[in-house]
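Shown next, in C-alpha cells, is the structure this report addresses.
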Amino acid sequence: MAESILVIDDDETFNAVLVNALRRRGLEGEGCTDPASAVATALRVKPTSIVLDLNLNGNSGLSLIRPLLETLPDVRIVVLTGYASIATAVDAIKLGAFQYLAKPVGVDAILNAFDRKASALPAGTLSVEPLSVGRLEWEHIQRVLKEHDGNVSATARALKMHRRTLQRKLLKRPVKA
C-alpha cells in the first residue's frame, strides 16, 4: 500500500500546495481545511500519516490528536505551527503526536519527520547553545498563558504586566533561539 498523507490545515493555499507537493513525490495526498470534518475525512481516507496544523480557525489542532488516534491507532501525526513553543510541543507529544515542527518548513523536512528512525535523536544531538533572552521571555509568556487557559487578562496579572503590553508581545512572531 502506498503511503498516504492527510493534510489538515485551514489555510487553503498552504493545504493545496502541500498536497500537490506530496503528489509530485509519488505519495497519495489529500487535504482537509475544516477541523470539524477532520476525523470523518481521516476515517474515509485512512492515511498512514497526518500533517496537522496547530491553529485551525482559532481552535487548537491538539484537540484533534486523540480522536484521530482513536480512529486510526497506527497513524503518525506531525503537528505544524507558525508559533512554536516548548509548552505546545510537549502537549502535542504527550497527546500522541509523532513530531512537532515550526513553520516555515519544507516538504522534505515534513516527510523526514514521519520517518521512525529519523525521529529518535541520537545522543549528543541536542544543542548546548543557550536560548536568547527574548526567546526565554517568549517561552515563559507562552507557559503562563497556557496555565491560564489562554486568558490574556489573567496572564497579564500573573506576569505583573499591563494587558496591552502582553497583547503586543503576543502579536509578535516568536524570537529565534
*Any helices (runs of 4 or more DSSP H) falling wholly within region 1-80 and containing at least 2 residues that are of a type outside the set (Lys, Arg) and under 13 Å from the mean Cα position of the chain (by Cα)*: 62-71
*Kindly establish whether Ser60 is surrounded by fewer than 18 Cβ atoms within 10 Å (Cβ to Cβ) and either touching an Asp or Glu at 6+ places or on another chain (Cβ under 6 Å) or not assigned by TED's automatic domain parsing to the domain that holds Phe98 (or both).*
no
*Give the number of residues within region 131-160 that are modelled with pLDDT of 85 or more, surrounded by fewer than 13 Cβ atoms within 10 Å (Cβ to Cβ) and in a helix (DSSP H, G or I).*
1
_Going by what's in this entry, would Val45 be described as of a type in the set (A, V, I, L, M), crowded, with 16+ Cβ neighbours inside 10 Å, assigned by TED's automatic domain parsing to the domain that holds Val107 and farther than 17 Å from Leu101 by Cβ?_
yes
*Might you check whether a residue that is among the β-branched types (Val, Ile, Thr), within 30 Å of Trp138 (Cα to Cα) and buried (at least 17 other Cβ atoms within 10 Å of the Cβ) occurs anywhere in region 13-34?*
yes
*What is the number of the single condition among (1) more than 17 Å from Tyr100 (Cβ to Cβ); (2) surrounded by fewer than 18 Cβ atoms within 10 Å (Cβ to Cβ); (3) touching a residue at least 12 places away in the same chain (Cβ under 8 Å) that Arg66 does not meet?*
(1)
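The values are calculated or read from the model by the stated rules, or taken from the named source; none is laboratory data. Everything quoted here is computed from the prediction, not taken from an experiment. When we count neighbours, we look across all protein chains shown, and the Cβ atoms used for this are built from the backbone with ideal geometry, even at glycine.
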